[in-house]
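Trainee: Below are the structure tokens for one structure; questions will follow.
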Protein chains: 2
Amino acid sequence: MVSIVDGNAIKFGKYDNRVEELGARAALPLIEKHNDIDFVIVSNSYSGEFNAVSGINNLITTLISIDRIPSVRVDNTSGSGGSALLLAKGVLAMGFRKVLVIGVEKMRERQTRDVTKTISTLLTEEESKVGFSLPSIAGFVAMEYMRRYSAPRESLAKVAVKNHYNATFNDKAFSGKVLTIDEVLSSKPVIEPLRSYEISPIADGAVALVMVNDQESRSYDKVIYVNSMISYSSSSALGDRGDLTWMESVELASKRAFLESKTHPRDIGVVEVHDMASILEIMELEAAGFFKKGQGWIATMEDLTSLTGVLPVNTSGGLIGKGHPIGATGVAQAYEIWLQLTRQAANRQVEATKGMTINIAGFGNNAIVGVYGVEP
Amino acid sequence: MVSIVDGNAIKFGKYDNRVEELGARAALPLIEKHNDIDFVIVSNSYSGEFNAVSGINNLITTLISIDRIPSVRVDNTSGSGGSALLLAKGVLAMGFRKVLVIGVEKMRERQTRDVTKTISTLLTEEESKVGFSLPSIAGFVAMEYMRRYSAPRESLAKVAVKNHYNATFNDKAFSGKVLTIDEVLSSKPVIEPLRSYEISPIADGAVALVMVNDQESRSYDKVIYVNSMISYSSSSALGDRGDLTWMESVELASKRAFLESKTHPRDIGVVEVHDMASILEIMELEAAGFFKKGQGWIATMEDLTSLTGVLPVNTSGGLIGKGHPIGATGVAQAYEIWLQLTRQAANRQVEATKGMTINIAGFGNNAIVGVYGVEP
């Protein structure tokens, strides 16, 4: 088993620096404390498309003066961070001792429309040709979910209210805001029925974590254990899936993650889910087994997922409140769980000894689910 | 320890298919034989820049109908393939049982000039700004090497003659040709002093390998063992390195790879090196310890590295003879060693029980060195 022993993030937002500089800024305070990093994994998806930069892993190790250390870039679109954590576990399993995982993306030098178009290149040729995009799919699924389960429109908006609110307590978040449901519902329409406050904003961001094997973890005082880290995929062809309101990859990965870590959903005290759009938070909580199919919206309406609820979800602000720098997101989720379980979450601190992350690529094309605990 | 138990490649060349289709074509015959793949690593660097495709790992698993299997894209520019093999070792170490590694790149829908410019985005901002490119660096280093070690111009050309010749025996190679030294020296000037036959051509290509843990390998009849797989890096800032004719990352990785596998250079019967340009083959053989510093060119002149020499190098044709589809290259090197050590190399077969691959990112920004044997 592996553990997370340190972390650092820069505030998500808009920067003039180059993408590799953002990654280096997140990593540098960790490098100063850990002079024995022996492998670097950079989670990044679109440095080529957004920033005309390749070889970002080597550029970063050069900037942080660990020139000889082997490094690699790991990409799995929005799920890159989760995949990087999973591969870090593998790197430690084969004998490396201390892995630096850096998640970084720089998106705001592009227009949102341009970013959306680039990200839609992860769709199959057929579905991309007819003009699908990730937000348009989220809109379609939101309509279908509300229709099928008689979920009120407000329940989706309430996810956005909660996550923007949580972000006001996170000084690394991009979009902390105290909003009403009405303000969310009257914000700019993006794609029917979703409004701009319900879609994760594009952002520049970088997060870094230090991971070690269990045996090594004893010398650190802020340690959490990765009890399980599981990935499953689903077809990239959305038309080939049955029910688009159900994320099978999240279901499969969560079931196995609970099983492997001998954890029950009720043991989990804090969850970071992949709320690229408001509807996704509800769907993922259902697929992970926290709420019954078609009933996740009720949990949101009843405040079960708020900071003071029985299951605080996206205490960091989630993707909606924090911003969604693609390659950084999955690493940022684990960073939040590390902060929470080691009681460093300041005025958004919740009571939890076990946490969970749900990170997805595409529209659940891949899911990477982690269960973390204060005990191995 | 891990082993390679199967492999397949498509002919390197020019295709109309989409990049994910090329990867799927290389993988499909393996999927038909191995119905228990549980992890997929796609080695690819530039699908975004060259092909406007992201999420290529999921697109490929969908095409080959293994939708639920977790997958990831690994990128380390020209060293992506080596990094993918290294991470595959980690994936097996953490408990997965059978990993499919697919190396793929589709470059020929772009012009060579455009490709060179895109690849130069791996340089530091400063060195990129002054107009450096990988071929221009290779040209500079070739001049410096010849000057410093009194290496005749013909010795570099002879690498190209050998590798194009070897490629004539490889039906997957793009550029098999019987050439004379004069023909190489009178081919199109690319960058002083290098000529077009001395630079690896851009190509579309895809290769796939199946890797398992040692315990699992007994049920296969074409097995080689990865005795060691080591990676080291050097500064991305070429100006910060001392002697550019010496590849420190290759030296460090090779030394450790020999040490870990308890192998001596003289035990190695076949080597695939990263001859992005003719001069690189000579430099890498020196850095790996096969020949003394400044004397690698003599080995080429004396035919020691030919198919019938004491140390056959780039029996596949190397990058120069086979073509250099960036993300496929490192996987293709291991594929050739697998073919050679399992005696499937037909009329380019050499006698060897141990083989080696030297794969580099950038201009040795990263080196991934593998030692393989017919015994664990």
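The values are calculated or read from the model by the stated rules, or taken from the named source; none is laboratory data. Worth saying up front: this structure is predicted, and the values here are computed from it rather than measured. Quick reminder, even Gly has a Cβ in these numbers, built from the backbone with ideal geometry, and neighbours come from all protein chains shown.
Trainee: Could you tell me which of the residues A:96, A:132, A:140 is of a type in the set (Phe, Trp, Tyr) and closer than 30 Å to residue A:6 by Cβ?
Mentor: Result: A:96 is the single residue among A:96, A:132, A:140 that is of a type in the set (Phe, Trp, Tyr) and closer than 30 Å to residue A:6 by Cβ.
Trainee: Give the residues of the stretch B:159-177 that are more than 21 Å from residue B:204 (Cβ to Cβ) and either buried (at least 20 other Cβ atoms within 10 Å of the Cβ) or at pLDDT below 95 (or both), sorted by residue number.
Mentor: B:159, B:160, B:161, B:162
Trainee: Next question. Can you find a residue that is more than 18 Å from residue A:212 (Cβ to Cβ), under 18 Å from the mean Cα position of the chain (by Cα) and among the basic types (Lys, Arg) anywhere in the stretch A:351-359?
Mentor: Yes, the conditions are met somewhere in the stretch A:351-359.
Trainee: Still on this structure, please answer the following. Kindly provide the set of residues from the stretch A:249-271 that are crowded, with 24+ Cβ neighbours inside 10 Å and under 13 Å from residue A:367 (Cβ atoms), ordered by number.
Mentor: Answer for the stretch A:249-271, where residues must be crowded, with 24+ Cβ neighbours inside 10 Å and under 13 Å from residue A:367 (Cβ atoms): A:249, A:250, A:253, A:254, A:257.
Trainee: Keeping to the stretch B:294-315, report how many residues are without any contact (Cβ under 8 Å) to a residue 40 or more places away in the chain and among the small types (Gly, Ala, Ser).
Mentor: Looking only at that region, the number is 3.
Trainee: Looking at residue B:181, is it in contact with a Pro (Cβ under 7 Å, 6 or more places away or on another chain), of a type in the set (A, V, I, L, M) and either surrounded by fewer than 17 Cβ atoms within 10 Å (Cβ to Cβ) or more than 19 Å from residue B:329 (Cβ to Cβ) (or both)?
Mentor: No, not satisfied.
Trainee: On to the next question. Please state which one of A:209, A:134, A:156, A:194 is buried (at least 18 other Cβ atoms within 10 Å of the Cβ) and within 14 Å of another protein chain (Cβ to nearest Cβ).
Mentor: Result of the check over A:209, A:134, A:156, A:194: A:134.
Trainee: Still on this model: Go through A:368, A:282 for me and flag whichever is within 14 Å of another protein chain (Cβ to nearest Cβ), crowded, with 24+ Cβ neighbours inside 10 Å and within 30 Å of residue A:239 (Cβ to Cβ).
Mentor: Just a single option satisfies the conditions, and that option is A:368.
Trainee: Test residue A:10 against the stated conditions and say whether it is without any contact (Cβ under 8 Å) to a residue 60 or more places away in the chain, more than 9 Å from chain B (Cβ to nearest Cβ) and among the β-branched types (Val, Ile, Thr).
Mentor: Considered against the rule, which asks whether it is without any contact (Cβ under 8 Å) to a residue 60 or more places away in the chain, more than 9 Å from chain B (Cβ to nearest Cβ) and among the β-branched types (Val, Ile, Thr), residue A:10 comes out as no.
Trainee: What residue, among those in the stretch A:87-123 that are more than 12 Å from chain B (Cβ to nearest Cβ), touching a residue at least 24 places away in the same chain (Cβ under 8 Å) and not charged (D, E, K, R), is surrounded by the fewest Cβ atoms within 10 Å (Cβ to Cβ)?
Mentor: The residue in question is A:112.
Trainee: Test each condition in (1) under 25 Å from residue A:316 (Cα atoms); (2) in contact (Cβ under 8 Å) with a residue 40 or more places away in the chain for residue A:265 and report the one that comes out false.
Mentor: Every listed condition holds for residue A:265 apart from (2).
Trainee: Quick one: residue B:232 ticks every box in (1) over 25 Å from residue B:349 (Cα atoms); (2) under 18 Å from the mean Cα position of the chain (by Cα); (3) more than 14 Å from chain A (Cβ to nearest Cβ); (4) not small (Gly, Ala, Ser) except a single one, so which number is it?
Mentor: Against the list (1) over 25 Å from residue B:349 (Cα atoms); (2) under 18 Å from the mean Cα position of the chain (by Cα); (3) more than 14 Å from chain A (Cβ to nearest Cβ); (4) not small (Gly, Ala, Ser), residue B:232 comes up short only on (3).
Trainee: Further question on the same structure: Filter the stretch A:30-48 down to residues that are more than 8 Å from chain B (Cβ to nearest Cβ) and of a type in the set (Phe, Trp, Tyr), then give me how many there are.
Mentor: Looking only at that region, the number is 1.
Trainee: Suppose the filter is closer than 23 Å to residue A:71 by Cα, touching a Pro at 6+ places or on another chain (Cβ under 7 Å) and hydroxyl-bearing (Ser, Thr, Tyr); does residue B:233 pass it?
Mentor: The answer is yes for residue B:233.
Trainee: If I filter the stretch A:49-86 down to residues being among the aliphatic types (A, V, I, L, M) and facing chain B (nearest Cβ under 7 Å), which single residue comes out as surrounded by the fewest Cβ atoms within 10 Å (Cβ to Cβ)?
Mentor: A:52
Trainee: Here's another thing I want to ask about it. I want to confirm something. Restricting to the stretch B:13-24 and keeping residues that are within 14 Å of chain A (Cβ to nearest Cβ) and part of a loop (DSSP other than H, G, I, E, B), which single residue is surrounded by the fewest Cβ atoms within 10 Å (Cβ to Cβ)?
Mentor: It comes out as B:16.
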